[in-house]
Amino acid sequence: MNSQDKSHEVLSSEKQPVLKSTPIMPVAADKLKKAEQDSLIDDIKKLRQKCQAIILAHNYQIPEIQDIADFVGDSLGLAQQAAKTEAKTIVFCGVHFMAETAAVLCPDKRVLIPDLEAGCSLAASINADQLRTWKKEHPGAIVVSYVNTSVEVKAESDYCCTSGNAVKIVQAIPTDKEILFLPDVFLGSWIKKVTGRKNMEIWMGECHVHAAMRPEMVTEKLKQYPQAELLIHPECGCLTPFLDQLADNPALKPIKVTSTEGMVKEASKSKATQFVVATEEGILHRMRKENPDKTFIPIAPEMTCQFMKMITLEKLHKSLRDDVYPVIIEKELADKARRPIERMVSIF
Ligand code: 13P
Ligand code: SF4
C-alpha cells in the first residue's frame, strides 16, 4: 500500500458520519459544537502562553488552525519564522518534512507536530539511497532538493529550495555545473524552462494532489471566468502543457506561477477582482479573508491534501497539553542537512 492509500485509510476512520435524514435538533447541536470549539480555542491559547510556544501553520491547513496560528505561510516563510522565533517550543501545523526543517534550523528548540502521520507523497518519492545512487551516476553535479524531501535527502543535497525561490537558487549556480533537481518533475521542468538551463537532470517525482491537475481543467475554468487572473502552483501537472498552449495562444489570461505565499500576495496586490486558483483548496481561506471584495475560484474544489488536513484543533490542543509529538533529529544528520537549508532560507 502506498502512502497515499494509507492517508485515505486514516482519514476515512476520522470522517464524521453523514446525516441522511433531518437532524432532530440541528440548531442546538450546532451551538454545542461551537461552544466546544470556543472552549478548545481558549485552552489552546492558554497552553500556548504557558509553554512559551509559537504555532506555525501552512497555507493549506484547515481554517480553524490558520485562524489560531501565530504565523501562516508557505514552506519558505515558515522556515524563516522558525529560524528567527524566540519561543521555546514550535508547534508545526503542516506536514512532517516542514517540521523537520524547523527542527534542523532550531536545534535548541522543541519542535512538535500534532500528528506524526502527516506526510507528503512528493517527499516520499525519493529516499537517501536513491539519491546517493543518482549522485554516483553524475559525479560533480550540484544537487538541488525541493524542500518537500526528508531530512536524510536534504543531508545529501547541496542546496534546498522552495517554489518561492527555486528559480533564484538555480540561477545562483554556475552554468558550467550540472544540476540534479529533485523530486518534483513539474516544478523542475518549469524551472528549466524559465532559466533556460540546459545541463539539469530532473527526478520523476510528483505530488498526488497537484499532478492530478490537467490543462483542460484550467482552460475550462478560464472560459467560464474570462475576466479572472490565473494563479498556479509550479507543482501542478497541468503547468507545462498549459504554458505551451499559452505560447501558441497569447490571447489567453494573465498568469502567475508562484508558491502559495506568492499567490496570496498576488491576490492582494493585483487589480483583478476574480482569480482562478490552481492549488490545494486550503489556501482559499486566507485569500478570501484578506480580500473580502474579491472572488476566488478553485480550479477543482476536491483538490485536497489529506495529509495537511490531518491536523485538527483537538490534535493541536493535545500537542500543547501533552508535549507531543517531538520531532527529534540526530545531531550528525541535522548538522549535514543544515547547510542546504540555510542556503534556502537566505536566498529569496
Ligand atoms: P509552498 O512552499 O508553495 O507553500 O508549497 C508547499 C507544498 O507542499 C505545496 O504542495
Ligand atoms: Fe505534499 Fe502535495 Fe500535500 Fe504539498 S499538497 S504537502 S506536496 S502531498
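Restricting the range 300-316 to residues that are under 25 Å from Pro226 (Cβ atoms) and away from ligand 1 (no atom under 14 Å from the Cβ), which is surrounded by the most Cβ atoms within 10 Å (Cβ to Cβ)? For the range 300-316, the residue satisfying everything is Ala300. Screening Lys271 with (1) part of a loop (DSSP other than H, G, I, E, B); (2) touching a residue at least 40 places away in the same chain (Cβ under 8 Å) gives one miss only, at (2). Among residues of the range 96-124 that are under 22 Å from Cys161 (Cβ atoms) and more than 15 Å from ligand 2 (Cβ to nearest atom), those with a beta-carbon under 6 Å from a residue that is modelled with pLDDT of 95 or more and of a type in the set (D, E, K, R) at least six positions away or on a different chain give the pairs Val104/Arg338. Here the range 112-126 is the region considered, the condition is being aliphatic (A, V, I, L, M) and in a loop (DSSP other than H, G, I, E, B), and the residue that is nearest to ligand 1 (Cβ to nearest atom) is Leu122. On inspection, Lys289 passes the criterion of being closer than 16 Å to His58 by Cβ and more than 14 Å from ligand 1 (Cβ to nearest atom). Name the residue that is nearest to the chain's Cα centre (by Cα), counting only residues in the range 46-71 that are within 15 Å of ligand 2 (Cβ to nearest atom) and among the hydrophobic types (A, V, I, L, M, F, W, C). Out of the qualifying residues, it is Ala57. Taken across the range 315-325, residues that are acidic (Asp, Glu), in contact with a Cys (Cβ under 7 Å, 6 or more places away or on another chain) and not in a helix (DSSP H, G or I) do not occur at all. Taken together, the criteria place Ser268 among residues that are assigned by TED's automatic domain parsing to the domain that holds Thr240, away from ligand 1 (no atom under 14 Å from the Cβ) and either touching a Cys at 6+ places or on another chain (Cβ under 8 Å) or among the small types (Gly, Ala, Ser) (or both). A search for C-beta distances below 9 Å between a residue of the range 145-164 that is under 21 Å from Trp190 (Cβ atoms) and any residue that is part of a strand (DSSP E or B) and polar (S, T, N, Q), counting only pairs 6+ apart in sequence or on different chains, returns Val153/Ser145; Ser157/Ser145; Asp158/Ser145; Tyr159/Ser145; Cys160/Ser145; Cys161/Ser145.
Restrict the check to the range 238-249 and report whether at least one residue is modelled with pLDDT under 90, touching a Pro at 6+ places or on another chain (Cβ under 9 Å) and within 15 Å of ligand 2 (Cβ to nearest atom). Within the range 238-249 (the criterion being modelled with pLDDT under 90, touching a Pro at 6+ places or on another chain (Cβ under 9 Å) and within 15 Å of ligand 2 (Cβ to nearest atom)), the answer is yes, since at least one residue qualifies. Name every residue in the range 130-172 that is assigned to a loop (DSSP other than H, G, I, E, B) and either modelled with pLDDT under 95 or within 16 Å of ligand 2 (Cβ to nearest atom) (or both), in order of residue number. Correct list: Val147, Asn148, Thr149, Ser150, Thr162, Ser163, Gly164, Asn165, Ala172. So, of the residues in the range 180-204 that are of a type in the set (Gly, Ala, Ser) and away from ligand 2 (no atom under 15 Å from the Cβ), which turns out to be surrounded by the fewest Cβ atoms within 10 Å (Cβ to Cβ)? Looking at residues that are of a type in the set (Gly, Ala, Ser) and away from ligand 2 (no atom under 15 Å from the Cβ), I get Gly196.
The set of residues from the range 73-95 being touching a strand residue (DSSP E or B) at 6+ places or on another chain (Cβ under 6 Å), more than 16 Å from ligand 2 (Cβ to nearest atom) and among the small types (Gly, Ala, Ser) comprises Ala82, Ala87.
Applying the criterion of being under 12 Å from the mean Cα position of the chain (by Cα) and of a type in the set (S, T, N, Q) to the residues of the range 259-284, the residue that is farthest from ligand 2 (Cβ to nearest atom) is Ser259. Inspection of the range 285-297 identifies no residue that is within 16 Å of ligand 2 (Cβ to nearest atom), in the same structural domain as His233 (by TED's automatic domain parsing) and not in a helix (DSSP H, G or I).
Residues that are at pLDDT below 95 and not charged (D, E, K, R) do occur in the range 61-75, at least one of them.
Exactly one residue out of Thr258, Thr273, Thr279 is under 23 Å from Ile191 (Cβ atoms), in the same structural domain as Phe242 (by TED's automatic domain parsing) and modelled with pLDDT of 95 or more: that is Thr279.
Cβ-Cβ contacts under 6 Å between residues 6 or more apart (or on different chains), taken from a first residue in the range 231-245 that is assigned to a loop (DSSP other than H, G, I, E, B) to a second residue that is among the charged types (D, E, K, R), are listed as Glu235/Asp184; Cys238/Arg214.
Across the range 80-104, the qualifying residues are those that are more than 14 Å from ligand 1 (Cβ to nearest atom) and not charged (D, E, K, R), and the one among them that is surrounded by the fewest Cβ atoms within 10 Å (Cβ to Cβ) is Ala83.
The values are calculated or read from the model by the stated rules, or taken from the named source; none is laboratory data. Keep in mind that what you see is a predicted model, and the values were worked out from it rather than measured. Because the Cβ atoms are built from the backbone with ideal geometry, glycine has one as well, and the counts that use them run over all protein chains shown.
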